[in-house]
1. Taking the stretch 272-306 as the search range and keeping residues that are in contact with a helix residue (DSSP H, G or I) (Cβ under 9 Å, 6 or more places away or on another chain) and not aliphatic (A, V, I, L, M), which one is farthest from residue 222 (Cα to Cα)?
2. Select from the stretch 71-100 the residues that are closer than 13 Å to residue 49 by Cβ, open to solvent by less than 40 Å² (accessible area, probe 1.4 Å) and either among the basic types (Lys, Arg) or more than 29 Å from the chain's Cα centre (by Cα) (or both) and list them in ascending order.
3. Does residue 245 meet the test of being modelled with pLDDT under 95, surrounded by fewer than 18 Cβ atoms within 10 Å (Cβ to Cβ) and among the charged types (D, E, K, R)?
4. Condition first: within 21 Å of residue 96 (Cα to Cα) and of a type in the set (Val, Ile, Thr). Now tell me which residues in the stretch 118-168 satisfy that.
5. From 225, 175, grab the single residue that is buried (at least 18 other Cβ atoms within 10 Å of the Cβ), out of contact with any Ser or Thr (no Cβ under 8 Å at 6 or more places or on another chain) and touching a residue at least 12 places away in the same chain (Cβ under 8 Å).
6. Only one of 116, 166 is farther than 30 Å from residue 323 by Cβ, open to solvent by 70 Å² or more (accessible area, probe 1.4 Å) and assigned to a strand (DSSP E or B). Can you tell me which?
7. Taking residue 301 as meeting all but one of (1) part of a strand (DSSP E or B); (2) under 28 Å from residue 256 (Cα atoms), write down the number of the exception.
8. Scanning the stretch 306-324 for residues that are β-branched (Val, Ile, Thr) and within 16 Å of residue 372 (Cα to Cα), which turns out surrounded by the most Cβ atoms within 10 Å (Cβ to Cβ)?
Amino acid sequence: MELRNLRKSVSRHTESARTASFGFLASGLVFFLAAGCGAPGEPTPPTPPIPVAVTDLAAHQVGDGVQLIFTLPAKSVTGDRLAAPPAVEIVRGTPKPDGSPDAKSFRVVYTIPGSLVENYVTEEHVKFIDPVAPAEIRARPGSSLVYVVRTRASQKRASANSNAVLVRMFPVPQAIAHVEARVTESAIELNWAAPAHTSTGDPLTGFSGYRIYRGELDPSSAGAAASDLSKAKWKSPLTLLATSDENNYRDSLFDFGKTYAYTVRSVVLVEGNALESADSAPAIVTPRDTFPPAAPQNLVAAVLSGATPGSVLVDLSWSINLETDLAGYRVYRSEQQDTRGALITPDLLLAPAYRDTSVEPGHRYWYSATAVDRAGNESDASPAIAVDIAKLSP
């Protein structure tokens, strides 16, 4: 009997130990699972940043399109700086009858990847032109479009919409197909054919003149920019240079050696507002100074006594040249008429005067002078003058 009771007691203790061990393991498993489900103190996946909304969106018609201008957000809604430029979504819609934006009509018409946004940044603003089909404008002249933009730092969530802007669209002149540029010494002369129709082919009305734009290019991009200005590398972007009532213009404010891109836009007045055509085909030119100065004038000479007894020299002078890029003068001497002869001034003369101390008695010399500009262009020779050096008395 006592042995049986002892066996039962051992069995009860063993079962209790098993139960306690299972409870301990179960508790540990619950703790492990809880820890794997984001227990306090453990790392959690980062929340993608959401850029702040654009608040300064502006828009206006440019040719058969709408140019949007805004500042690209640099921070998230939490105030943190964005690690890279966000992608931009261009959203277009139409207004309600009361003129307010119709959110149901909004559609993304273009997305600029974040890696390409910098290509559209000019003067610290994103500038993007959304093309609108000319046929659409022709069918509903004066109709309005509504734009908003939003940005994304990740695919999961975009920023809030920007402020909405409304643009009325009208037919504009057809783009000028070709601008001819000719370099002269004093100006780059531009000429183009006057447009006669709108971009939709209708007769042009309300014509108000032309606007000429000029920018300076990095010469390495001149070839690509000639066919597509979006491929240009700008040293200074296109800016309004002048207006003209005629289909030509002379740009006298240029520098030789720089590479310029010119575009011309026709202007019409619609409801008192000036609307421009699209850009003309660009005229790209790098003016080279191949224009020599004018030949020096009024060359005179005098035979004077030299520094030593019995020696003589020839004192030459002439009128100063008026070119602004003048670098100096050269003097030539010959012992044969109608021949320029040898250069006797190895260095450029900064003043219009020279003394020749290498003359010999009993000789006749013909002198002439030339002018040289900073590009190295040398003028024609001045009219030559003859100088007789008398023989020394015995």
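The values are calculated or read from the model by the stated rules, or taken from the named source; none is laboratory data. As the structure is a computational prediction, the values presented were derived from the model and not from experiment. For neighbour counting, all protein chains shown are included, and Cβ atoms are generated from backbone atoms with ideal geometry for every residue, glycine included. Only protein heavy atoms, including side chains, enter the accessible area calculation; ligands, DNA and RNA are left aside. Shrake-Rupley method; radii C 1.70, N 1.55, O 1.52, S 1.80 Å.
1. Residue satisfying both the conditions and the ranking: 279.
2. 76, the sole residue that qualifies.
3. Criteria not met by residue 245.
4. Scanning the stretch 118-168 gives 132, 137, 146, 148, 149, 165, 167.
5. Details: 175 fails: out of contact with any Ser or Thr (no Cβ under 8 Å at 6 or more places or on another chain).
Of 225, 175, the one residue that is buried (at least 18 other Cβ atoms within 10 Å of the Cβ), out of contact with any Ser or Thr (no Cβ under 8 Å at 6 or more places or on another chain) and touching a residue at least 12 places away in the same chain (Cβ under 8 Å) is 225.
6. Result of the check over 116, 166: 166.
7. Among (1) part of a strand (DSSP E or B); (2) under 28 Å from residue 256 (Cα atoms), residue 301 violates only (2).
8. Taking the candidates together, the pick is 320.
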